[in-house]
Amino acid sequence: MTMYDDAFLGRLHAMLQQALPAWSLSPEADLSLLTISENATYRVRDPANDRSLILRVHRPEYHSTEEIASELAWISALRESGVASTPAPIAGKDGAFLYRLHDGVDTRYVAAFEFVEGRAPAPEDDLVAWFRRLGAINAKLHIHARAWQKPAGFTRKIWNFQTMIGATPYWGPWNAGLGLDAAGKALLTRTVAKIAEYLGRFGMGAERFGLVHADLRLANLLVNDDELHVIDFDDCGFTWYVYDFAAAVSFIEHEPIIPALLDAWIAGYRSVLPLSEAEAAMIPVFVMLRRIMLVAWIASHAETPTAQEMGVPYTLDSLVLADRFLTKYA
């Protein structure tokens, strides 16, 4: 099934247009599609009251309404404590933060967020400096997550070996990767086994495993002059804390700048919170794990612009990285 074909996007636009009064938006409000990834994200501009909002329409059968409510609860807690600069969830005029869209064919859920000016960091920017800032932000998020008294019913996905690249992967099986032949599958099978071995030794103790953002890649950062905002907590859940760096370099894991970004991120992190040498040494293992996850994601989300941009070459480059990984971590 194609999740976001033109016909569905047309129906989704109509559903959202009808739902705009829930946020006291006028019929003159302009609705524009920004991105399609796990979800469909729109910006709405209302000239009647000079107001802009971001609307995020959730992919079906991915998060439950309880999981989405839990995500919004963490965002609100982070904002209240001043830990991170992130857009506020916006309630509708009836006080609800999540709305159901239905047109007789499809049912989706939508959440609204304040609009924040900014852009994602570009390759020509000083990414090393931004990653130093990001490391400090990740550490602050981890401190908050450890101390925060979660509300009753709080539930988010557990991102462990099995749900990432094991028997029950949220993003689908990695061996369905685009362009993956028998030799490639054999190489990744050895890589996955080696990752499992390292994760088994590293363990999932509370000092290493907890609630994290899990997707602070460049597309989920907004820079505005010297400000750095973090957005899109849609994949936040329980996993290894240092996995946050692996997520941050999604889709650019092969670039020569990665070692410099890693050094900067660790320096930023350690300016806020201790990070042991054992934890730092595991980060490249998580980068390889994330890369294999994304091979699976591209195959299972083939209709999205990101997957279409990456395609088979991303799988083939992943095999090069896997070969290097096995050479180093044999």
Q) Hey, among the residues in the range 134-179 that are aromatic (Phe, Trp, Tyr) and in a helix (DSSP H, G or I), which one's surrounded by the most Cβ atoms within 10 Å (Cβ to Cβ)? A) Trp174
Q) Quick check: is even one residue across the range 61-70 within 30 Å of Pro27 (Cβ to Cβ) and either among the aliphatic types (A, V, I, L, M) or at pLDDT below 95 (or both)? A) yes
**Q.** Residue satisfying condition, being in a strand (DSSP E or B), within 26 Å of Ser26 (Cα to Cα) and touching a Ser or Thr at 6+ places or on another chain (Cβ under 7 Å), within set Arg100, Arg108
**A.** Arg100
Q | Residue satisfying all of: in the range 67-93; β-branched (Val, Ile, Thr) and either touching a His at 6+ places or on another chain (Cβ under 9 Å) or without any contact (Cβ under 8 Å) to a residue 60 or more places away in the chain (or both); surrounded by the most Cβ atoms within 10 Å (Cβ to Cβ) among these | A | Thr86
Q) How many of the residues in the range 203-216 are in a loop (DSSP other than H, G, I, E, B) and surrounded by fewer than 20 Cβ atoms within 10 Å (Cβ to Cβ)? A) 6
Q: Could you check, for the range 187-195, whether at least one of its residues is within 30 Å of Ala69 (Cβ to Cβ), in contact with a Leu (Cβ under 9 Å, 6 or more places away or on another chain) and surrounded by 22 or more Cβ atoms within 10 Å (Cβ to Cβ)?
A: no
Q: Evaluate the range 273-288: report whether one residue or more is touching a residue at least 40 places away in the same chain (Cβ under 8 Å), surrounded by 15 or more Cβ atoms within 10 Å (Cβ to Cβ) and under 14 Å from Tyr314 (Cα atoms).
A: yes
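Residue-by-condition table, conditions (1) within 21 Å of Arg59 (Cβ to Cβ); (2) assigned by TED's automatic domain parsing to the domain that holds Ile283; (3) modelled with pLDDT under 95:
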| site | (1), (2), (3) |
| --- | --- |
| Ala84 | no, no, yes |
| Ala96 | yes, no, no |
| Tyr99 | yes, no, no |
| Gly104 | yes, no, yes |
| Thr107 | yes, no, yes |
| Ala122 | no, no, yes |
| Phe131 | no, yes, no |
| Leu134 | no, yes, no |
| His142 | no, yes, no |
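Restricting to the range 1-54, what's the tally of residues that are part of a loop (DSSP other than H, G, I, E, B), touching a strand residue (DSSP E or B) at 6+ places or on another chain (Cβ under 9 Å) and either modelled with pLDDT of 90 or more or over 23 Å from Ile298 (Cβ atoms) (or both)?
Residues that pass the stated criteria total 7.
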Q.
With the requirement that a residue be free of Cβ contacts under 8 Å to residues at least 40 places away in the same chain and buried (at least 20 other Cβ atoms within 10 Å of the Cβ), what does the range 43-66 give you?
A. Val44
Q. Among the residues of the range 105-133, how many are under 30 Å from Pro259 (Cβ atoms) and out of contact with any strand residue (DSSP E or B) (no Cβ under 7 Å at 6 or more places or on another chain)?
A. 10
Q.
Can you find, within the range 144-174, the residue that is farthest from Met204 (Cα to Cα) among those that are in contact (Cβ under 8 Å) with a residue 24 or more places away in the chain and polar (S, T, N, Q)?
A. Thr155
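The values are calculated or read from the model by the stated rules, or taken from the named source; none is laboratory data. None of the values given here were measured: they were computed from a predicted structure. Neighbour counts are summed over all protein chains in view; Cβ atoms, including those assigned to glycine, are modelled from backbone coordinates with ideal geometry.
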